[in-house]
Every structure is written in C-alpha cells, then in structure tokens.
Amino acid sequence: MRSNFSLSLLLASLLVFPFSSRGDSGPAVSASSGVKLVQNATASGLPTVVEFGAASCASCREMKIVLDRVALRTQGRAHVLVIDISKDWDAARAFRIQLMPTQVFFGADGREIGRHMGKLPETEVIAKLGLPTSP
C-alpha cells in the first residue's frame with residue numbers, strides 16, 4: 001500500500017511540475033499563454049512590466065488597481081501585463097517567480113531590467129519602465 005502512495009505522489013508531482021527544457025537564456029519555450037504574451041510584448045519595442053500574482057492574493061489585488069492606472073497613463077508607450085499564476089503555473093516557473101506579487105520589468109530592447117517583489121506605487125512602476133512620471 002505504501003508503494004502505491006509513493007507512486008501516486010511521484011505521478012502527481014510530474015503533473016504539477018513537468019520537466020522543462022529551460023536554459024539560462026530566458027523562459028522556456030512553452031505552450032503557456034502567459035509566456036507567449038510576455039514574448040510578444042517584449043518583442044514590440046516598448047518597455048514592459050509583467051505582474052505575476054493571483055486573485056486570491058490581497059497584495060496582488062491592490063497591485064492590479066495600481067497597474068490598471070499605470071496602463072492608462074502609459075497607453076501606447078509601454079505594455080502592462082498581469083498574469084494569474086494560479087491559472088498559468090508554466091509562466092511562473094518560466095520566469096522563476098517565488099513570491100506574489102512579483103513585477104518583472106523589461107526594457108524596450110526586450111531584456112529584463114529589474115524585478116520587484118511586493119507592492120509598488122504607481123510612480124515607481126512608471127519610473128522603472130524608464131518613462132517620465134509626470135502626466
């Protein structure tokens with residue numbers, strides 16, 4: 001009976017944490033819609049901020065409000081993405097997210113320029129995107 005439990009636990013872990021062919025040069029190529037969304041945004045030539053969080057996280061819900069305002073203020077000059085990692089675990093794994101909320105910032109060249117874990121005010125998010133904070 002114990003070996004059946006161990007086998008079930010192993011199979012469950014493979015379903016939850018499938019193997020990845022990730023190297024050191026960015027996220028793994030994945031069928032994840034979040035990964036594809038980030039790849040498309042970072043290839044656009046605009047700075048990008050990606051929020052990794054979940055609807056069940058109070059700080060993430062607060063950051064969602066901040067990021068909605070950032071998106072309005074930077075419309076046409078930056079991309080603001082929110083990925084719910086409870087629905088897209090592949091994206092969280094591809095970007096090595098360890099805490100919610102985490103914001104990952106990308107420059108206009110598509111390269112990661114920084115990360116922040118926790119909440120940030122609107123002006124700091126805009127400044128980290130390299131954009132002027134005045135409207």
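If only residues of the range 65-118 that are assigned to a helix (DSSP H, G or I) and acidic (D, E) are counted, the one that is nearest to Q39 (Cα to Cα) is D90. For the range 100-109, residues that are more than 24 Å from K87 (Cα to Cα) and under 14 Å from the mean Cα position of the chain (by Cα) total 0.
Figure legend. Inter-residue proximity from the range 31-42: first residues crowded, with 16+ Cβ neighbours inside 10 Å, second residues aromatic (F, W, Y), beta-carbon distance below 7 Å, spacing 6+ or different chains. Indicated pairs: T42/F106.
Only the coordinates and a few stated rules stand behind these numbers; no lab work does. Because the structure is a prediction, the values reported are computed rather than measured. Cβ atoms come from the backbone with ideal geometry, glycine included; neighbour counts cover every protein chain shown.
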